[in-house]
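S.K.: Supplied in structure tokens, the structure appears directly below.
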Amino acid sequence: MKSTRVDVVLPCLNESQALPWILERMPAGYRAIVVDNGSTDGSADLARHLGAHVVHESRRGFGAAAHAGLLAATAPIVAFCDADASMDPRDLPLVVDPITADEADLVLGRRRPTTRNAWPAHARVANTYLSWRLRRITGVNIHDLGPMRAARRDNVLALDLNDRRSGYPLEMFLGAAAANWRIREVDTGYAPRVGRSKVTGTVRGTLTAIQDMSALLRADRVDRNVSVDRSGARS
Ligand SMILES: Nc1nc2c(ncn2[C@@H]2O[C@H](COP(=O)(O)OP(=O)(O)OP(=O)(O)O)[C@@H](O)[C@H]2O)c(=O)[nH]1
Ligand SMILES: [Mg+2]
């Protein structure tokens, strides 16, 4: 049997309709860790039945689920992927291979819609604006803060991430940029999700995501000003 090279964290809140498609498409040597975030649709049992390693996280929030998966991972490389079938696990080697080859420390999947309705217009605009701000703040040439990504597990743990809601992917990116990681972006497919939309498809979800990310960007600005003042490099 091929040993596990990569642990794939799949945060999961009521994704039973999407799980079969996702789990059957996991590449060889990639272990699925489904983090059940209090699903009521049988997601956890289904994932277990389909051969995934299942972890439970009672605290709600994307970041809480993603971080529980990171803590449960044991492989040297960890990848993250949504469990809603909007992303194809067969794309995972695109984000993992540059880490394996030690060409990058964090690889982000830039979402490229595979159909016209894959990405609601408001979410796309918000993401374009956020990416522009991030390029200005960090100097890293990114165009999307997508959830499919990979890094070495120990490195991500060392970032000591605190956000447990929708700011988790942003906090990871800001931490990586501040630590001068080699950050790379690769194109990955993005299809309409299977099942009910929770974040970008709802006004409440979108507002929560904006709130979480704005708080992190404010904190990041304060941090940068403090370190610039301390170093005296810039006034
Ligand atoms: N929104 C949300 N997602 C969670 C949570 N816990 C786990 N997840 C999972 O995190 C992944 C990303 O959430 P999604 O609901 O797809 O969020 P999104 O992709 O921004 O927006 P939509 O796909 O439009 O709903 C999915 O696999 C969810 O099942 C949680 O508390 N809230
Ligand atoms: Mg989604």
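Read-outs: derived from the displayed coordinates by stated rules, not from any lab. As the structure is a prediction and not an experimental result, all values here were calculated from the model. No Cβ is skipped: glycine too gets one built from the backbone with ideal geometry, and neighbour counts run over all protein chains shown.
S.K.: 5 Å is the cut-off here: which amide hydrogens, built 1.01 Å from N in the peptide plane, fall below it relative to residue 189, excluding neighbours closer than 5 in sequence?
M.R.: 88, 112
S.K.: Once you order the gyration tensor axes a ≥ b ≥ c over the Cα atoms, which shape class does the stretch 26-67 get: rounded for a/c under 1.5, otherwise prolate or oblate by comparing a/b with b/c?
M.R.: Working: a/c = 2.99, a/b = 1.39, b/c = 2.14.
Judged from the Cα gyration tensor, the stretch 26-67 comes out oblate (a/c at least 1.5, b/c at or above a/b).
S.K.: Moving on to the next point. Calculate for the chain the 222 nm mean residue ellipticity that helices alone would give, adding -39,500 (n - 2.57) per DSSP H run of length 4 or more and normalising by residue count, nearest 500 deg cm²/dmol.
M.R.: Details: 8 runs with 97 residues, N = 235.
So the helix-based figure for the chain works out to -13000 deg cm²/dmol.
S.K.: Using packing as a proxy for protection, rank 101-108, 130-137, 7-14 so that the peptide with the highest average count of other Cβ atoms within 10 Å comes first. Walk me through the numbers before you get to the answer.
M.R.: Working: 101-108: 18.0, 130-137: 14.9, 7-14: 26.2.
The peptides rank, most packed first, as 7-14, 101-108, 130-137.
S.K.: Tell me, what HN-Hα J-couplings in whole Hz come from the Karplus equation 6.51 cos²θ - 1.76 cosθ + 1.60 at θ = phi - 60° for each residue of the stretch 53-63, using x for Gly and Pro?
M.R.: 7, 10, 10, 10, 10, 7, 6, 5, x, 4, x
S.K.: Can you work out the Karplus-derived ³J(HN,Hα) for every residue in the stretch 82-92? Use 6.51 cos²θ - 1.76 cosθ + 1.60 with θ = phi - 60°, whole Hz, and x for glycine or proline.
M.R.: 5, 9, 10, 6, 7, 10, 9, x, 5, 7, 4
S.K.: In degrees from 0 to 90, rounded to the nearest 10, what is the angle of the helix 121-138 Cα long axis to the longest principal axis of the chain?
M.R.: That helix lies at roughly 40 degrees to the long axis.
S.K.: What order do you get for 64-76, 186-198 when each peptide is scored by the mean count of other beta carbon atoms within 10 Å, highest first?
M.R.: Numbers: 64-76: 20.2, 186-198: 17.5.
The densest-packed peptide leads the list: 64-76, 186-198.
S.K.: With contacts defined as alpha carbon pairs under 8 Å and 6 or more residues apart, what's the relative contact order of the stretch 6-227 in percent?
M.R.: Numbers: 425 pairs, mean separation 51.5, N = 222.
This gives 23 percent for the stretch 6-227.
S.K.: Also, quick follow-up: What list of ³J(HN,Hα) couplings, whole Hz, do you get for the stretch 155-170 from phi and the Karplus terms 6.51, -1.76, 1.60, once you set θ to phi - 60° and write x for glycine and proline?
M.R.: The phi angles translate into 4, 5, 4, 5, 6, 6, 5, 10, 5, 10, 10, 7, x, 4, x, 5 Hz.
S.K.: While we're here: Rounded, prolate or oblate, given the Cα gyration tensor of the chain, with a/c below 1.5 counting as rounded? Intermediate values should be presented prior to the final figure.
M.R.: Numbers: a/c = 1.65, a/b = 1.38, b/c = 1.20.
Prolate shape, in that a/c is at least 1.5 and a/b is the bigger ratio.
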